[in-house]
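Data block below; observations after.
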Amino acid sequence: MITYGVVTHGGAGSPVEFLDGCTEACEAALSLLKVGRSALDAVVEAVRILEDDGRFNAGSGSALRLDGTTIEMDAAVMDSRGYIGIVISIRDVKNPVLVARAIIETPHIALSSQGATAFARKRGFPPFRQISQYAQERHKRIERLIREGRLGEENPRWQNRNVETFWNFDAPSDKDICSCDTVGAVALDKEGILAVATSTGGASPMMMGRVGDSPMIGCGFYAGPSAAVATTGVGEEIIKKMVAKTVYDMVSQGEEIRTASEKGISMVPSNVMVGLIALSREGFAAVSNRQMAYSVRIRED
Ligand code: ASP
């Protein structure tokens, strides 16, 4: 039986060398839980730390869109009391997860684009724009694949598709033209409340306005009395299968959490990168069909 705990991940595809980032976030969240803070506070703090890390595709490390300039970020928080906050395609803020947390205090559940950014300003989040070294390197790689006509080799959804045809940026397509590794956290607090938070710069290569699973309830995240689940990977495929809610439902119906999580992963074709973390009062899981940096801190009675 788990008394309280946290699981964090650095995204499907994230190298194990990034484990220290996930561990730092996990430890910080655990220390909040230890002193009686809520699971919601814990996941928000974990994701804020991962957003600030710069190596992960979220917050300061967010991936660039196809034009090599645009950054649009998605984040979500939810707990088993029913609190939900979602931010979609927000620009120019340091920590989308904090804005998602702030949306809980509004009459709404989700804010997108300019409205989300304007709300962030109103709530005192200053303008912030930074392209991390990792984001630049990831982008250069995408540029090279496009130049070499090999984008579809690593990104099946772009197989036989011409980037020009879908170009929806103001800048010309020849100017400039990244992969997965969103962040996420799930936590259980001493009151037995479960919570989840996700944050991402998206799954490159991406058009402007493209939205993945991370801010979509039941797809990229879900938390209820039975479990908290956060997914990562190619959002388009995760959305089609509603992976987070499907795993949640299996756990609710008595399936062991690891088995349910593995079944969730296997719903997505194996050539598509996908991963998830899940936590319940009885157990946890961290599974991916690729490498995935993750960290777990559990306290049991
Ligand atoms: N799921 C995210 C998205 O599709 C990307 C990721 O998990 O790395 O936007």
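Brief remarks on what is shown
- Cα-based shape type of the range 1-109, given that a ≥ b ≥ c are square roots of the gyration tensor eigenvalues and the cut on a/c is 1.5: oblate
- Cα-based values for the range 201-301, radius of gyration first and Dmax second, are 13.3, 48 Å.
- Under 17 Å from a label point set 7 Å out along the Cα-to-Cβ vector of Gln130, the amide N atoms of the range 1-41 belong to 21-22, 25.
- Within a straight-line Cα-Cα reach of under 30 Å, Lys240 can be paired with the following lysines, leaving aside sequence neighbours fewer than 8 residues apart in one chain: Lys94, Lys140, Lys263.
- Global geometry of the range 259-301, whether rounded, prolate or oblate, following the gyration tensor of its Cα atoms and the 1.5 cut on a/c: oblate
- Across Asp92, Asp79, the residue with the most accessible area heads the list, and the full order at a 1.4 Å probe is Asp92, Asp79.
- Computed FRET value (nearest 0.05) for Glu262 with Met208, which takes r as the C-beta separation and R₀ as 45 Å: 0.80
- Surface composition of the chain: carbon plus sulfur atoms hold 50% of the accessible area, using a 1.4 angstrom probe and ignoring ligands, DNA and RNA.
- FRET efficiency, Glu137 to Thr165 (Cβ-Cβ, R0 22 Å, nearest 0.05): 0.25
- The range 53-172: C-alpha gyration tensor shape, a/c 1.5 cut-off, then a/b vs b/c: prolate
- With a simple spin-label model that places each label point 7 Å from the Cα along the Cα-to-Cβ direction, the separation between Ile298 and Arg37 comes to 2.3 nm.
- Computed [θ] at 222 nm, deg cm²/dmol, the chain (DSSP H ≥ 4; -39,500 (n - 2.57); rounded to nearest 500): -9500 deg cm²/dmol
- Rounded accessible area of Ile142 (nearest 10 Å², 1.4 Å probe): 0 Å²
- Residues in the range 227-243 carry Karplus couplings, in order, of 5, 10, 9, 10, 9, 8, x, 6, x, 4, 6, 5, 4, 4, 9, 6, 4 Hz; the curve used is 6.51 cos²θ - 1.76 cosθ + 1.60 with θ = phi - 60°, and Gly or Pro positions show x.
- Per residue, the accessible area of the range 1-120 comes to 31 Å² when a 1.4 Å probe rolls over the protein heavy atoms.
- Note on Thr69 and Gln253: their simple-model spin labels are 5.0 nm apart, each label 7 Å out from Cα toward Cβ.
- Solvent-accessible area of Lys241 with every protein chain in place, 1.4 Å probe, in Å² to the nearest 10: 80 Å²
- Cα→Cβ-extended label distance, 7 Å offset, between Met1 and Lys122, nm: 4.5 nm
- The spacing between the range 107-165 and the range 212-228, judged by their C-alpha centroids, is 21 Å.
- Excluding same-chain neighbours fewer than eight residues apart, the lysines reachable from Lys190 by a Cα-Cα span under 28 Å are Lys34, Lys245.
- Take Glu27: with every protein chain present and a 1.4 Å probe, its accessible area is about 80 Å².
The values are calculated or read from the model by the stated rules, or taken from the named source; none is laboratory data. Predicted model only: the values in this text are computed from it and were never measured. Methodologically, a virtual Cβ is constructed for each residue, glycine included, from the backbone with ideal geometry; neighbour enumeration extends over all protein chains shown. Only protein heavy atoms, including side chains, enter the accessible area calculation; ligands, DNA and RNA are left aside. Shrake-Rupley method; radii C 1.70, N 1.55, O 1.52, S 1.80 Å.
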